[in-house]
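Undergrad: Quick one: this structure, given as structure tokens, is what I'll be asking you about.
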Amino acid sequence: MRPVVIAVVGRKKSGKTTAIEILTRELANRGYRIAAVKHIPEPNFTIDKEGKDTWRYAQSGAKTVIGASADEIATIEKVSGRSLSLKEILQKCKDSDIVFLEGFRKLVAEDKDIHKIVVVKSAEDVAEAIRTFEPILAFTGSYSAERLNQKIPYADIFKNGKKIADLIERVVGKEAVT
């Protein structure tokens, strides 16, 4: 079974990261294997530190560098300035049950196979999301989308993360059957 992919989208500082933290904690406690992927748009960003051994390996030409400690393994793959496709990125999460995406706004807007949770701060955010993102699994955030009588459920993730986790569980169950 391939993982269920859910994008958490919204404006900057809307609470996307916190929403993913809450959902990850809730769903991991229910036994799901979770992957979280964050798009980092800054140019020349590297997770590696200049001068460290792993950095030096990459500088000398290694395309894959792995740092292993007692508690984690970090794999750094050099991709020569090209952007990986979403499909290539998701392939790295193939052993997960659920993958949360943060960022990749344009890519996820175009992909109808990716469920969206939209973190909203205003009625305008709701209206834009309805125009831009499909399918929307739920609205959350500081603005209650319930006021707009949408057919899309709203739950305040900060007060009731379980409700959205329940919605995700239903999606996981449906996709496991198909």
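Undergrad: Test of understanding: in a Gaussian network model of the chain with alpha carbons linked when under 10 Å, which of Lys116, Lys63, Lys16 would top the mean-square fluctuation ranking?
TA: Sorting by GNM fluctuation, first place goes to Lys63.
Undergrad: While we're looking at this one, here's another question. By how many degrees, 0 to 90 and rounded to 10, does the Cα axis of helix 16-29 deviate from the longest principal axis of the chain?
TA: Helix 16-29 sits at roughly 90 degrees to that axis.
Undergrad: Using Cα pairs closer than 8 Å and at least 6 residues apart in sequence, work out the relative contact order for region 51-141, in percent.
TA: Details: 71 pairs, mean separation 16.1, N = 91.
Reported as a whole number, the value is 18 percent.
Undergrad: Only Cα pairs under 8 Å and at least 6 apart count here; give the relative contact order of region 1-122 as a rounded whole percent.
TA: Numbers: 144 pairs, mean separation 64.0, N = 122.
52 percent.
Undergrad: So what is the orientation-averaged projected area of region 53-122, using the convex hull of its C-alpha atoms, in nm²? The partial results should precede the final answer.
TA: Numbers: hull surface 29.9 nm².
With every direction weighted equally, the projected area is 7.5 nm².
Undergrad: Can you give the % of DSSP beta bridges in the chain that are antiparallel, to the nearest 5?
TA: Details: 5 of 25 bridges.
Restricted to the chain, the bridges split so that about 20 percent are antiparallel.
Undergrad: May I pose another question? How far, in degrees from 0 to 90, does helix 123-132 lean away from the longest principal axis of the Cα atoms of the chain, to the nearest 10?
TA: Orientation of helix 123-132: about 70 degrees from the principal axis.
Undergrad: Calculate how steeply helix 161-177 sits against the longest principal axis of the alpha-carbon atoms of the chain, using the helix alpha-carbon long axis, and give the answer as 0 to 90 degrees to the nearest 10.
TA: It works out to around 80 degrees.
Undergrad: Under 19 Å Cα to Cα from Lys63, which lysines show up? Leave out anything in the same chain fewer than 8 places away.
TA: Answer for Lys63, where 19 Å is the Cα cut-off: Lys49, Lys52, Lys78, Lys92, listed by chain and number.
Undergrad: Which residues among region 9-40 fall inside the zone where the amide N is under 14 Å from a point 7 Å beyond the Cα of Val79, along Cα→Cβ?
TA: The answer is 37-40.
Undergrad: Give me the dipole magnitude in Debye, nearest 20, for the chain about the Cα centre, with unit charges on the beta carbon: positive for Lys and Arg, negative for Asp and Glu. Show your work: numbers first, answer last.
TA: Numbers: 31 positive and 25 negative charges, 43 e Å.
Computed charge dipole of the chain: roughly 200 debye.
Undergrad: Would you mind counting up the charge near Thr46? Only other residues with Cβ under 15 Å from its Cβ, with Lys and Arg at +1 and Asp and Glu at -1.
TA: Numbers: positive: Lys38, Lys49, Lys52, Arg56, Lys63, Lys78; negative: Glu42, Asp48, Glu50, Asp53, Glu77.
For residues surrounding Thr46, the net value is +1.
Undergrad: Still on this structure: Run the simple label-point estimate for Thr54 and Asp113 please: 7 Å along Cα→C-beta, distance reported in nm.
TA: It works out to 3.0 nm between the two label points.
Undergrad: Suppose R0 equals 30 Å. What FRET efficiency, 1/(1 + (r/R0)^6) with r the Cβ-Cβ distance, do Glu124 and Glu42 give to the nearest 0.05?
TA: Values: r = 27 Å, r/R0 = 0.90.
E between Glu124 and Glu42, to the nearest 0.05, is 0.65.
Undergrad: Let me ask another. Largest first and in whole Å, give the semi-axes of the chain's equivalent ellipsoid, each being the square root of 5 times a Cα gyration tensor eigenvalue.
TA: Details: eigenvalues 206, 68, 47 Å².
Equivalent-ellipsoid dimensions as semi-axes: 32, 18, 15 Å.
A short reminder: the numbers here are calculations on the coordinates, not readings from a lab. Computed from a predicted structure; not experimentally measured. Note that each Cβ is placed from the backbone with ideal geometry, even for glycine, and that neighbours are counted across all protein chains shown.
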